[in-house]
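**Q** Starting off with a structure, shown below.
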Amino acid sequence: MIQKNDDHQLVKSKFSGISLDILWFLVILAGFLFFTSLIPLPPNDFWWHLKIGEYIFANHSIPTTNMYAWTLPPNQPFFYAAWLAELLFYILYRIASIDLIILVRTVLIGVTLCLLAIEAHRRSTSWRITALTIALLCMMTINNLIVRTQMWAWLPFITTYSILKRFTEGNLRWYWLLLCPLSMIFWVNVHGSFILGLILIGAFLLGESLSTLLKKEKALTWHQIGWIGGTGILSGLAVLVNPRFTAIISYTINLLTNPPSQQLIEEWQSPTPKGIANIAFYIGILLFIIILAYSRYRLTPTELILTIGFLWLAWSGQRYVIWYGIVVTPILAREIKDLPLKMPSFIPQRNYINFALAILLFIPAAAAQPWFVERLPLPDTYWKQVLRSSPAGPLLSVETPVAAAEYLKSHPGGRLFNEMGYGSYLIWAIPEQGVFVDSRVELFPYAQWMDYIHIINGTNYNEILTKYGVDRILLDKKLQPDLAMSLIKDRLWNMEYEDPYAQIWTKATTP
């Protein structure tokens, strides 16, 4: 009889809902997924990738040349390193259009945050501390959440990081390390950030070697360190599992040193203390230093190398802030746990009411998905940033020239000068038109980008446009006001088309 009661209690404990404590994290996660779901899709770094995915799907081969920019030879070499990400985009598009791609982006960031939260909770033993550190990460990364090929790299990064950390702490056996080179095979074919996987392994190898040399407490044996080194070798070999073999390495090096990308694109620039994301980044650094000074916990050599290395990386370019945030979040959670503060005692109770509350928290995020979002009573300030009821798909930024592209499709011809982001959408919508420039920044020579900047600033634009033989202009009225004002006063150009966001100008046959 007593045994029956014990069994009943055991079964009952397995189905007792969730604790109130975890709701702290779930509130942050649900709110962030709602915010992420509402981010408009800008044209810059998506549509040309989708077009390449269509090409790969239709031709069963990866292109190797320019193809779409009329200012360069069609056979100008270009390296499509993210071919698998592009193919995945197009497969999702064929299944359920842009809607499914946007949903997958949101799911990927959600899963990444959950895995990171599990790691932060494992180190802090507190969902409240975990929620605090995840909230800081979310604010730091709001500029890194648009639909782009980078989104396929989030899971390989957090997976590699978590496996290495748990192995060094003795929580995983050596064979779990084999997931690192396996994930690298996927990673190297979806995004250039695969190099960060090798950097992670190198940081752990160096840091754990120092711990062993210095005879730190709980230091690994040299045999265990050898497993990390072997993982690095296998992951390095896995990098070569791509259609271009060793060429992927030279491509990555060239991209990291490419003058147009490094000097002209904002996300490659160092973060300045402007905007929520960059301010949160600097606040996060300050908090990390203060908490480190007062916490009883001291960073291991590996954690110190990771923190300094990825902080330097984030300082060198805004696009790297998300990787720094992922690395530092569990470390910060561990520091906060050992602050000399008297925390109020809290015994989390598990019940079904908390489970019901958790479900309710995610209803707004579900309602914000592409199939339903336009029914939400969102403020007009938001809808001014989004093309509603667009035939090209939901949640498109007003910077997407859907209407102008339809006009050009029905009125083809001319050597077109276009805004850079517009070029990406034009490649998808009317590839036969050809573009002056587009978001494949490294494809175009630095001199051409300088000409582009002079043109949009209204500086010697007629002389430069004549040099290229341009007789038609598609501009963004918001992003290129100087050029728009110059053309209004210029008798050499006639306005052919205008909508609330774009203008098309044609060169006059006679002044």
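**Q** Can you give the FRET efficiency for H223 and W176, using 1/(1 + (r/R0)^6), R0 = 22 Å, r = Cβ-Cβ distance, to the nearest 0.05?
**A** With a Förster radius of 22 Å, E is 0.90.
**Q** Taking the simple approach of a point 7 Å from Cα along Cα-to-Cβ for both R166 and T125, what is their distance in nm?
**A** Between R166 and T125, the simple spin-label model gives 1.9 nm.
**Q** Okay, moving on. Of the peptides 76-84, 233-241, 257-265, how do they stack up when ordered by the mean number of other Cβ atoms within 10 Å, highest first?
**A** 76-84, 233-241, 257-265
**Q** Once you have a ≥ b ≥ c as the square roots of the Cα gyration tensor eigenvalues for the range 396-507, tell me rounded if a/c is under 1.5, and otherwise prolate or oblate according to whether a/b is larger than b/c.
**A** Because its axes are fairly even, with a/c under 1.5, the range 396-507 counts as rounded.
**Q** Here's another thing I want to ask about it. Find how much the distance from Q263 to L339 grows on full extension, using 0.36 nm per residue of separation minus their present alpha carbon separation; answer in nm with one decimal.
**A** So the chain would gain 23.2 nm between Q263 and L339.
**Q** Something else about it: How high is the FRET efficiency from L479 to S270, r the C-beta distance, R0 22 Å, rounded to 0.05?
**A** It comes out at approximately 0.45.
**Q** For L255, project a label point 7 Å along Cα to C-beta. Then give me every residue of the range 57-89 with its amide nitrogen under 17 Å of that point.
**A** It comes to 62-66, 77-89, nothing else.
**Q** Considering the options I195, N460, T130, tell which one lies farthest towards the positive end of the dipole of the chain, charges being +1 on Lys and Arg and -1 on Asp and Glu at the Cβ, about the Cα centre.
**A** Going by the charge dipole, the pick is T130.
**Q** With a ≥ b ≥ c taken as the square roots of the eigenvalues of the C-alpha gyration tensor of the range 110-265, please select rounded if a/c is under 1.5 and otherwise prolate if a/b is larger than b/c or oblate if it is not?
**A** In terms of gyration-tensor shape, oblate.
**Q** In percent, what relative contact order does the chain have, based on Cα pairs under 8 Å that are 6 or more apart in sequence?
**A** This gives 21 percent for the chain.
**Q** Cut-off under 14 Å on the C-alpha distance; same-chain residues fewer than 8 positions from K218 excluded. Which aspartates and glutamates are left, in chain and number order?
**A** Hits, sequence-local ones excluded: E169, E208.
**Q** Summing -39500 (n - 2.57) over the DSSP H runs of n ≥ 4 in the chain and dividing by its residue number, what mean residue ellipticity at 222 nm do you reach, to the nearest 500 deg cm²/dmol?
**A** Here the helix-only value at 222 nm equals -18000 deg cm²/dmol.
**Q** Could you name the lysines in cross-link range of K478, using Cα to Cα under 28 Å and dropping any fewer than eight places away on the same chain?
**A** Hits, sequence-local ones excluded: K51, K274, K384, K409, K467, K489, K507.
**Q** May I pose another question? Please figure out what share of the DSSP beta bridges in the chain is antiparallel and state it in percent, rounded to the nearest 5.
**A** Roughly 75 percent of the beta bridges in the chain run antiparallel, per DSSP.
**Q** Right, another one. Sorted by packing (mean other beta-carbon atoms within 10 Å per residue), highest first, where do 320-326, 90-96, 104-110 land?
**A** Top of the packing list down: 320-326, 104-110, 90-96.
**Q** When DSSP beta bridges are limited to those with both residues in the range 396-507, what percentage is antiparallel, rounded to the nearest 5?
**A** If I count the DSSP bridges inside the range 396-507, around 75 percent turn out antiparallel.
**Q** In the chain, which helices (entire DSSP H runs) extend 15 Å or more along their own long axis, judged by Cα positions, while averaging at least 1.0 on the Kyte-Doolittle scale?
**A** Both cut-offs are met by 23-37, 83-124, 127-140, 195-213, 276-294, 301-316, 321-337.
**Q** Pairs of alpha-carbon atoms within less than 8 angstrom and 6+ residues apart define the contacts here; what relative contact order does the range 269-382 have, in percent?
**A** For the range 269-382, the relative contact order is 26 percent.
**Q** Modelled label-to-label distance, N75 and Y282, 7 Å Cα→beta-carbon offset: nm?
**A** With each label placed 7 Å out from Cα toward Cβ, I get 5.2 nm.
**Q** Remind me, what semi-axes does the chain give for its equivalent ellipsoid, largest first in whole Å, using sqrt of 5 times each Cα gyration tensor eigenvalue?
**A** They are 46, 28, 22 Å, listed from largest to smallest.
**Q** Does a label point 7 Å from the Cα of Y497, set along Cα-to-beta-carbon, have any residues of the range 26-56 with amide nitrogen under 11 Å, and which are they?
**A** Under cut-off, by backbone N: nothing.
**Q** Determine one quarter of the surface area of the Cα convex hull of the range 304-406, which equals its mean projected area, and express it in nm² to one decimal.
**A** 12.4
**Q** With r as the distance between the Cβ atoms of N462 and I118 and R0 = 56 Å, compute the FRET efficiency 1/(1 + (r/R0)^6) and round to 0.05.
**A** 0.40
**Q** Please state the relative contact order of the range 146-337 as a whole percent: Cα pairs under 8 Å, 6+ residues apart?
**A** Rounded, it is 20 percent for the range 146-337.
**Q** Additional query: Please say if the range 274-342 is rounded, prolate or oblate, where rounded means a/c under 1.5 for a ≥ b ≥ c the square roots of the C-alpha gyration tensor eigenvalues, and otherwise the choice is prolate for a/b larger than b/c and oblate otherwise?
**A** Verdict is oblate for the range 274-342.
**Q** Based on the alpha-carbon gyration tensor of the range 53-123, what equivalent-ellipsoid semi-axes (square roots of 5 times the eigenvalues) come out, in whole Å, largest first?
**A** 34, 16, 10
**Q** Here's something else I'd like to know. In the chain, once you exclude exposed GluC sites (Glu not before Pro) (DSSP loop, at most 12 other Cβ within 10 angstrom), what's the longest stretch remaining?
**A** With a cap of 12 other Cβ atoms within 10 Å, the longest stretch comes to 1-216.
**Q** If you don't mind, there's one more thing I want to ask. With a point put 7 Å past each Cα toward its Cβ, work out how far Q349 is from E432 in nm, to one decimal.
**A** Once both label points are built, they end up 7.0 nm from each other.
Readers should treat all values here as calculations from the given coordinates under stated rules, not as data from a laboratory. From a predicted model like this one, the values you see are computed outputs, not experimental measurements. Every residue, glycine among them, receives a Cβ derived from its backbone with ideal geometry; neighbour counts consider all protein chains shown.
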